[in-house]
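Take a look at the structure set out below.
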Amino acid sequence: MKNIITILILFAFGCGKSEPLSPETSTQVLSSYAKLFGSYEMKIEGFLPNTFRYVLLENGKVEFYENGAKKEDGTWKIVRKEVHVSSEGGLYEVAVYKIEPNGDLTFIAYIDNGKRQEATKEFQEFQNTFKKIK
């Protein structure tokens, strides 16, 4: 299982590079990937307060929760130092998150029909951050 994860990680980070990754680089990539496993939470205040949670699992699966109730499953992967999250019932085909230095995930773009749309000022209200909680 660890070998498969390592191969997937190296493939995700190695795409577009012609030179092989050094052992030091491989270790850094694996360490970065492993640090993403866990739970992330975002709270939205308003008329009906909502708490949203992503749980990123080691097997590339993600679980989505709203106010503590599991809503659906999906998948996640690292693409060029971003986290791409997909689900059948999501607002977007793929939600794209920036990995913050403290480990949080901030929504920066989405992909629908293969086209990426950056979260510009018009999308500011959607540029939410999921705080790492575990």
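The values are calculated or read from the model by the stated rules, or taken from the named source; none is laboratory data. Because the structure is predicted, anything quoted here is derived from the model rather than measured. Cβ coordinates were reconstructed from backbone atoms using ideal geometry, including for glycine residues, and neighbour counts include every protein chain displayed. The accessibility values were calculated without ligands, DNA or RNA, using every heavy atom of the protein model including side chains. Shrake-Rupley method; radii C 1.70, N 1.55, O 1.52, S 1.80 Å.
Quick notes on this one:
- Here the condition is being modelled with pLDDT under 95 and open to solvent by 50 Å² or more (accessible area, probe 1.4 Å); of I9, I111, I78, I99, it holds for I99 alone.
- Filter result (among the charged types (D, E, K, R) and without any contact (Cβ under 8 Å) to a residue 60 or more places away in the chain) within the stretch 82-106: E82, E88, E93, K98, E100
- Members of the stretch 36-58 that are over 17 Å from T106 (Cα atoms) and either open to solvent by less than 50 Å² (accessible area, probe 1.4 Å) or at pLDDT below 90 (or both): E45, G46, F47, L48, P49, N50
- Hey, K61 loosely packed, with under 13 Cβ neighbours inside 10 Å, of a type in the set (K, R) and either at pLDDT 90 or above or over 23 Å from T106 (Cβ atoms) (or both) or not: yes
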